[in-house]
1. Looking at A:A210, is it under 17 Å from A:G133 (Cα atoms), in contact with a His (Cβ under 8 Å, 6 or more places away or on another chain) and of a type in the set (A, V, I, L, M)?
2. Taking the options A:E329, A:E337, name whichever one is within 13 Å of chain C (Cβ to nearest Cβ), under 22 Å from A:L31 (Cβ atoms) and part of a helix (DSSP H, G or I).
3. Taking the options B:A108, B:A121, name whichever one is in a helix (DSSP H, G or I), free of Cβ contacts under 8 Å to residues at least 24 places away in the same chain and not polar (S, T, N, Q).
4. Among what's in the range C:48-79 and is within 22 Å of C:R199 (Cβ to Cβ) and touching a Ser or Thr at 6+ places or on another chain (Cβ under 6 Å), pick the residue that is farthest from the other protein chains (Cβ to nearest Cβ).
5. Which of (1) modelled with pLDDT of 85 or more; (2) closer than 20 Å to B:I153 by Cα does B:V240 not meet, given it meets every other one?
6. Check every one of the helices (runs of 4 or more DSSP H) wholly within the range A:1-109 and list those with 2 or more residues that are assigned by TED's automatic domain parsing to the domain that holds A:G145.
7. Please indicate, with yes or no, whether at least one residue in the range C:80-102 is closer than 19 Å to C:A168 by Cβ, over 18 Å from the mean Cα position of the chain (by Cα) and hydroxyl-bearing (S, T, Y).
8. Going by the conditions given, is C:F104 of a type in the set (F, W, Y) and more than 10 Å from chain A (Cβ to nearest Cβ)?
Amino acid sequence: MEKVKGLLFGIRDWWNSFYSSWPEPVKRAFLPGLIVLFFFVAVFFPAWGIINLYWQQVLIYVGINIILTLSLNLVNGYMGEFSVGHAGFMAVGAYVSSILTVWVLPKLGLSDYIPYLFPLVLIIGGLAAGLTGLIIAFPSFRTRGDYLAIVTLSWNMIVKSVLENIEAIGGPRGFMGMPKLTNLAWVYVWVVITIWLIRNLVYSNYGRGALSIREDEIAASLVSVDTRTVKIVIFVIASFFAGIAGGLFAHVLLFINPRAFSILKSTDILVMVYLGGIGSIGGSILGATIYTVLLEILRPLQVWRWVIGPLLLVFLMIFRPRGIMGMREWKFLLPAEERPETWHKERETIILPRLASARSNPEKLGGKV
Amino acid sequence: MQTFLQQVLNALQLGSVYALIALGYTMVYGIITLINFAHGDIFMVSTYVAFFVGSALISYAFKFPGIITFLLTMLASMFFTALLAVTIERFAYRPLRKAPRVSAVITALGVGLFLENFTLATIGPHPRFLPPIIPIKRFTIGGIATSNVQLIIILVSAIVMFLLDTIVRRTMVGMAMRAISWDKFTVPLMGVPMDRIISITFALGASIAAVGGTLYGMVYTIDPYMGIRIGWWAFISAVVGGIGNIRGAMLGGYLLGLVEIFTPVILPSSTYRDFVAFSLLLLLLVFRPYGLLGRPITQKV
Amino acid sequence: MTILKIRGLTHYFGGLRAVYDFNLDLEEGELIGIIGPNGAGKTTVFNLITGVYRPTAGEIFFNGHNLVGKRPEEIISLGIARTFQTLRLFKNLTVLDNVRIARFARIKYSPVEAMFGIGRRVREGEREARLKSLELLEIMGLADKADWLASSLPYGLQKRLEIARALASEPRLLLLDEPATGMNPAEVSELMELIKWIRREFGLTIILIEHQMKVVMGICERIKVLDFGETIAEGPPDEIQNNPRVIEAYLGEEVIT
């Protein structure tokens, strides 16, 4: 076990020093290059038959889970809140997008255009989910910790219960008839979009605001952070992406029922977040990938699969609650302005000259302690 | 009028079970400020223990009178369930006592799900009936239809709740439990064995839930996922009454029993029960999170 | 110009009276101190001013704005900043981020703009926040450690970081809560110089809570003494030092002079 850990750390250190040794233009080109490379893989490999249908399906689920994990990580990892009913938002996105493709669009005579309207359908599902995210945001102003966990879990139950009671969308028997619009290429595109948008959010004012709430909410409000606005922003955006994932999910499974979005599903997402690492985009990608693939490999075990998940969660919480990449990030995901090298350069080229030409002598305090 | 009173009895029957389970939630929360999400599933396990022990006892050649079988089944269920709860506390919750809250909450969820799916995987999903430990005899009192089992449930629950109340208020152990729930830091310094008191609390909560389990199993069917349904309703009872407050849990339990029985009377369909219960919980949490009998806690800055 | 006006400030925690009839007229540019035995209500006064608690009774006016009933972030945005008795840094964040967060209210782009990352307001907003924060860190001698985690700084620098964070929101009034805790005599002297310097540099008005008499007597122009929530004395340092009521209140306490 120690040897495996040592090996993994060794690889990580090698990579870090390798990456640091690259010239700046190469660093900047790395991420876009990766994106383009994987795009070709996602689009052409299935068409050329290199990835068979089964593995395509698995990769699609990996992608959907990455989006789910990233969205929950925003709330639980970056903002340190207790959202444990995330599947409820996924359900909203799944049902709304399905209603659109199965009823609304055909009624409007747009059946032929549905494949082209897929992104719009997903976005509407996401927006609906985001709206329900507001419902959780407001209680979060006054309750934290355990109580918020109960609120989010209750919301999950309420959504499930409401869906079970609406006969028009199939009630407990479920809803089907969706066209198979999700394919590897679309999932890949949405994964990239999600990573990009969330990355930008995390390194912006709102991301820092969320982090400050996690670290110390009262201190945050006492340094001018508008905690209410930040909470609303984070909850709504997280629910939005969960809704997108729900829409993608519905259009690959082609059958959704309320039971698919129960606490068991929410727990799955929790496992992926805490496995990969809280407060880390790379961690979410890793966690989602490892967990999805693991469950696939364990498929022959049938019902015992669902015993492994919770058990894994418990072990994680006891032995490594921060996860694989807790609060750390892959260097190539950082925006250029967030790299320490940039800060040091700005210090030399901008700050020091500015101060030297300004009023008091900065060296008065610079050298002390 | 008679049907109304009949329904009240039904509500008391159900509410008694909810109250018994709610006590487990509330005691654990009171002592280590953890919502033991696994408690509902511990209740579920207790019903299965009662099922197996009860079946075994009934199939013995020499038949005990019903009461004896009942007591033996209940005691066996209490014992094994308490053992399970203490084990869970020792291995899943104790390591996390110093950890951030989120870890403990999520662990509790994980333990609960583990119990559900483990039971599902080993025993199977079909609902089962407990064997007739006490043969059900129906009769009417003053025109109200009831049964011996119904009265036993209501009575036994009340006795157990009274015993618990006495333990908490009159014994050293109870005093220690209450002290720890007020101040976790100073009490160990006074020589109170924290770990042992916490284990006792878990054991107590679990065995009371097991009483509820045995009683519940005598009337309703059991299945691996019942922990979610019943457990959640009991949990809502605890929160309604004021989590951490023992009398609140009892009150909450009976209230939720009334909600469950009388909701289908007011709303068109019984499938709305879940919706009503959880909406009640949500509203309560937003406007009065400390429940009916609880007190708000202020934080020092 | 009177920057802070407090009248009849009183606060009860349930049945416990924490602050009683606290009054203050603070002129711009003053450096005053609040002292008193532990539990006298000094930090509570800070908490009441900054909106952590809503006072049971009394008025607080800052530059003409009524502070009572406002949320903390609103009050901070009006130009008040504070440090804490026990450090409350954002431990898992970098030194730069700790300071940058204090500029939250001054950054003016929307979440949608933030997500797309492009657009002038985002780029410029981020740049300004970053450069202003780096400048502040430079002045406070912390810029070379900008990418360090706040928790990895030695204690003295952490205290300095908390002051830097307070300054980042460009306050007019600074509330320092026992800044000298845990410092040795040399560090205390440095702190006194620092406080005097930032007051000059940034044109601040400062209220200081402190137990170490060297600091209070050394730099405060005016001192208020609290005991059991009540003001028992008020005046310049030499008057307070010889005030019998003050000495009596501190009897049994270690007074470091």
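The values are calculated or read from the model by the stated rules, or taken from the named source; none is laboratory data. Being a predicted model, the structure only gives us computed values, none of them experimental. Quick reminder, even Gly has a Cβ in these numbers, built from the backbone with ideal geometry, and neighbours come from all protein chains shown.
1. Details: under 17 Å from A:G133 (Cα atoms): yes; in contact with a His (Cβ under 8 Å, 6 or more places away or on another chain): no; of a type in the set (A, V, I, L, M): yes.
When the stated conditions are applied, A:A210 does not pass them.
2. Details: A:E329 fails: part of a helix (DSSP H, G or I).
Residue meeting the stated conditions: A:E337.
3. Numbers: B:A108 fails: free of Cβ contacts under 8 Å to residues at least 24 places away in the same chain.
Just a single option satisfies the conditions, and that option is B:A121.
4. C:I75
5. (2)
6. Details: elements: A:2-20, A:24-48, A:53-72, A:87-99.
Where helices (runs of 4 or more DSSP H) fall fully within the range A:1-109 and carry at least 2 residues being assigned by TED's automatic domain parsing to the domain that holds A:G145, they are A:24-48, A:53-72, A:87-99.
7. Let us first name the residues in the range C:80-102 that are closer than 19 Å to C:A168 by Cβ, namely C:80-84, C:87-102.
Restricting the remaining residues to those that are over 18 Å from the mean Cα position of the chain (by Cα) gives C:91-97.
Okay, now just the ones that are also hydroxyl-bearing (S, T, Y), so C:94.
There is at least one residue in the range C:80-102 that is closer than 19 Å to C:A168 by Cβ, over 18 Å from the mean Cα position of the chain (by Cα) and hydroxyl-bearing (S, T, Y).
8. On the way: of a type in the set (F, W, Y): yes; more than 10 Å from chain A (Cβ to nearest Cβ): no.
So C:F104 fails the test.
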